[in-house]
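Just below is one structure, and these are the notes that go with it.
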Amino acid sequence: MEFFDEKKNWNENNIKVGRSWKLDELRIKSNTDLHKLWYVLLKERNMLYTMEHECNDQVKLFPNPERIDKVEESMKHIETVVRERNVAYYQLETGETGERPVEEVVNLFGLPENYSQKEYFLPKFMNTRWIKTYLDHGYINSVAVKKFYRLYKEKQHNEERKARNRDFNHVQHLLKRFPDMDMDALKAEYPNVDIEKAKRSKKARGHYMPKY
């Protein structure tokens, strides 16, 4: 019955629950306390999944579904704290982080991707099947991948250009509405916009003699 909630909460539509555990609260706890808290949250998550499945079978409303999100967030924070302690321990003992090495590779779409290294029974230079199909005349060098990468870069360029134009037009309207505004603050807010060029544009002029 530990997979089910307390019987007093079975017919309730609103169950009072607390918030999730914060990182600052978990950092001051010992490893033993974190280990115990992890299994408490694990049992709570299993219970919530069971109750959610049972409510769906009974065509009833699962009360407070945000409880699952709070439990998962707490468990994620515990994993973060444990990883921080492992990294600190390995850096102190060996001078390394102890994390799995990550390298940048090219995926099947020709885009850069971070890949976590792992052990294989066959070295990369000996895996002729992988080299021929993936590198030599395979996915990366295919016409379809090159076309996709070209269109992807073109889309990125268009999005950046549109963003620059939006910022430039917005700065023009700001100069028109507020001619006495602080130019240093405007440059800090929009560093990619040529403020002097925006001042000389017609859209930045109001129904008054411009001060610049």
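Here is how the numbers come out for the structure above:
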quantity	calculated
Scope region 1-17; condition touching a residue at least 12 places away in the same chain (Cβ under 8 Å) and assigned to a loop (DSSP other than H, G, I, E, B); matching residues	2, 3, 4, 5, 12, 13, 14, 15, 17
Contacts under 9 angstrom Cβ, first residue in region 108-127 being among the acidic types (Asp, Glu), partner open to solvent by less than 70 Å² (accessible area, probe 1.4 Å), 6 or more apart	113/105; 113/106; 113/107
Residues of region 45-74 that turn out to be over 26 Å from the mean Cα position of the chain (by Cα) and either farther than 17 Å from residue 7 by Cα or free of Cβ contacts under 8 Å to residues at least 40 places away in the same chain (or both), as a count	9
Unique residue being open to solvent by 50 Å² or more (accessible area, probe 1.4 Å) and assigned to a loop (DSSP other than H, G, I, E, B) when the list is 141, 169, 165	141
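The values are calculated or read from the model by the stated rules, or taken from the named source; none is laboratory data. Values in this document were obtained by computation on a predicted structure and should not be read as measured data. Glycine gets a Cβ as well: all are built from the backbone with ideal geometry, and neighbour counts include every protein chain shown. Each accessible area value is taken on the protein alone, full model and side chains, heavy atoms only, with ligands, DNA and RNA left out. Shrake-Rupley method; radii C 1.70, N 1.55, O 1.52, S 1.80 Å.
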